[in-house]
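Chemist: Structure provided below as structure tokens; questions to follow.
The values are calculated or read from the model by the stated rules, or taken from the named source; none is laboratory data. Fair warning: this is a prediction, and the values are worked out from it, not measured in the lab. All Cβ positions, even for glycine, are placed from backbone atoms using ideal geometry, and neighbour counts span all protein chains on display. Please note that ligands, DNA and RNA were not included when accessible areas were found on the heavy atoms of the full protein model with its side chains. Shrake-Rupley method; radii C 1.70, N 1.55, O 1.52, S 1.80 Å.
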Amino acid sequence: MREHHIKRGDVTLYAREDGNLDASAPTIVFANSLGTDMRLWDAILPLLPEGLRIVRMDKRGHGKSDCPPAPYTMGMLVSDAEAICDALNVRDALFVGLSIGGMIAQGLAVKRLDIIRSLVISNTAAKIGSPKLWQDRIDAVRTKGIESIADNVMERWFAKDFAKSEAVKPWRQLLVDTPVEGYTGCCAAISGTDFYTPTSGLRLPTLGIAGSEDGSTPPDLVRETVELIPGSQFKIIRKAGHLPCVEKPQEYADLLIEFMKATGHV
């Protein structure tokens, strides 16, 4: 394991490498969702093939990265991911992005095909929600705190059985612990993003993953975005919500491994 604190302008970004630390090793990069940090992928890592270099990052306003004042733009978040990949000499990687991480993945793929050779966009879309939806969310969090929306978010993040179980508690806490500036900053970035046109121009191996009970990015929304990219694949994980890597880690890892083998990444 190797930790990195990468400076981009006035923001320091946190990234971590696990597995094979050789820069020439086949690399997989993970970008997580709104209101989580790189721990989102903890259950997946032990299930991946040996020999991979695994790069995870905390986007600005989340985890161990700096939290500058809101709002943020998607361009900022894409450039942050780009700066991390350049600092770690990431090239020809499989980039896995979930939710806002999937938007970052789309933006980075459009900008830097030397970094990304194949793409997994999970529980995401080219456009998520409406400006009014995100403004209402920002207003609620600014006036009443993240705690005020936490139960409602858990219902969208997880299938019913998981949401009612003890297993939901650390994820609820992770959400509540997210700085308000970081959370609302990223809400603003999502609100201002419509990647339908740039994503439709992508030509690289792509896998889309959806959760059958996802209340944030339903399967049809994910499929619509994935189908913008010719030759892409689309898979649904049953009885899972917005974070299937948490609820169904083995199924999720199996899809990643199958895709890596099919694209010659392992």
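Chemist: Rounded if a/c is under 1.5, else prolate if a/b beats b/c, else oblate: with a ≥ b ≥ c from the C-alpha gyration tensor eigenvalues square-rooted, which is the chain?
Modeler: The shape class here is rounded.
Chemist: Another question, then. Obtain the nm distance between the two label points defined at GLN135 and ASP22 by a simple spin-label model: each point lies 7 Å from its Cα along the Cα-to-C-beta direction.
Modeler: Simple spin-label model gives 5.4 nm for this pair.
Chemist: How many nm is it between the label spots at ARG2 and GLU50, if each spot is 7 Å from the Cα in line with the beta carbon?
Modeler: 2.0 nm
Chemist: Right, something else. Quick one: of LYS144/LYS169; LYS64/LYS248; LYS7/LYS64; LYS7/LYS111; LYS64/LYS132, which pairs are farther than 22 Å apart, Cα to Cα?
Modeler: Violating the 22 Å limit, Cα to Cα: LYS64/LYS248; LYS64/LYS132.
Chemist: For ILE209, what is the net charge nearby, where nearby means another residue's Cβ is under 13 Å from its Cβ and Lys, Arg count +1, Asp, Glu -1?
Modeler: -1
Chemist: Now for a different question. Does segment 186-266 come out rounded, prolate or oblate by the C-alpha gyration tensor, with a ≥ b ≥ c the root eigenvalues, rounded set by a/c under 1.5 and, if not, prolate when a/b is larger than b/c and oblate if not?
Modeler: oblate
Chemist: At 1.4 Å probe size, put GLU17, GLU3 in order of accessible surface, largest to smallest.
Modeler: GLU3, GLU17
Chemist: On to the next question. What is the calculated FRET efficiency for ASP151 to GLN250, with r their C-beta to C-beta distance and R₀ = 30 Å, to the nearest 0.05?
Modeler: Given R0 = 30 Å and the Cβ-Cβ separation, E is 0.60.
Chemist: Taking 30 Å as R0, compute the FRET efficiency from the Cβ-Cβ separation of LEU174 and ASP10 and round it to 0.05.
Modeler: Taking R0 as 30 Å, the efficiency between LEU174 and ASP10 is 0.70.
Chemist: By how many nm would the segment from LYS261 to LEU113 lengthen if fully extended, with 0.36 nm per residue of separation less the alpha-carbon distance?
Modeler: 51.3 nm
Chemist: Using a probe radius of 1.4 Å on heavy atoms only, what accessible surface per residue do you get for the chain? Whole Å² is fine.
Modeler: The answer is 40 Å² per residue.
Chemist: Please report the accessible area of HIS4 (heavy atoms, 1.4 Å probe, ligands and nucleic acids excluded) in Å², nearest 10.
Modeler: Approximately 40 Å² for this residue.
Chemist: Might you report the magnitude of the Cβ-based charge dipole of the chain about its Cα centre, with Lys and Arg at +1 and Asp and Glu at -1, to the nearest 20 debye?
Modeler: 220 debye
Chemist: Here's something else I'd like to know. Using only the heavy atoms of the protein chains and a 1.4 Å probe, how would LYS111, LYS127 rank by accessible area, largest first?
Modeler: These residues rank, largest area first, as LYS111, LYS127.
Chemist: Could I ask something else about it? Mind checking the dipole of segment 82-135: about its Cα centre, +1 per Lys or Arg Cβ, -1 per Asp or Glu Cβ, Debye to the nearest 20?
Modeler: The dipole magnitude comes to about 220 debye.
Chemist: Roughly how many percent of the accessible protein surface of segment 107-266 is carbon and sulfur, given a 1.4 Å probe and a whole-percent answer?
Modeler: Carbon and sulfur atoms account for 52 percent of the accessible area of segment 107-266.
Chemist: So how do 179-186, 103-110 stack up, highest first, on mean other-Cβ count within 10 Å?
Modeler: Packing proxy ranking, top to bottom: 103-110, 179-186.
Chemist: Cut-off under 14 Å on the C-alpha distance; same-chain residues fewer than 8 positions from LYS235 excluded. Which aspartates and glutamates are left, in chain and number order?
Modeler: Excluding near neighbours in sequence, the set is GLU213, ASP214, ASP220, GLU224, GLU227, GLU251, ASP254, GLU258.
Chemist: Does segment 1-106 classify as rounded, prolate or oblate by the C-alpha gyration tensor (a ≥ b ≥ c root eigenvalues; a/c under 1.5 gives rounded; else a/b over b/c gives prolate, otherwise oblate)?
Modeler: Cα axes put segment 1-106 in the prolate bin.
Chemist: If you don't mind, another one. List, largest first, the extents of the alpha carbons of segment 28-175 along their principal axes, each in whole Å.
Modeler: Principal-axis extents of segment 28-175 (Cα, largest first): 42, 33, 26 Å.
Chemist: Given the peptides 28-38, 130-140, arrange them by the average over their residues of other C-beta atoms within 10 Å, most packed first.
Modeler: 28-38, 130-140
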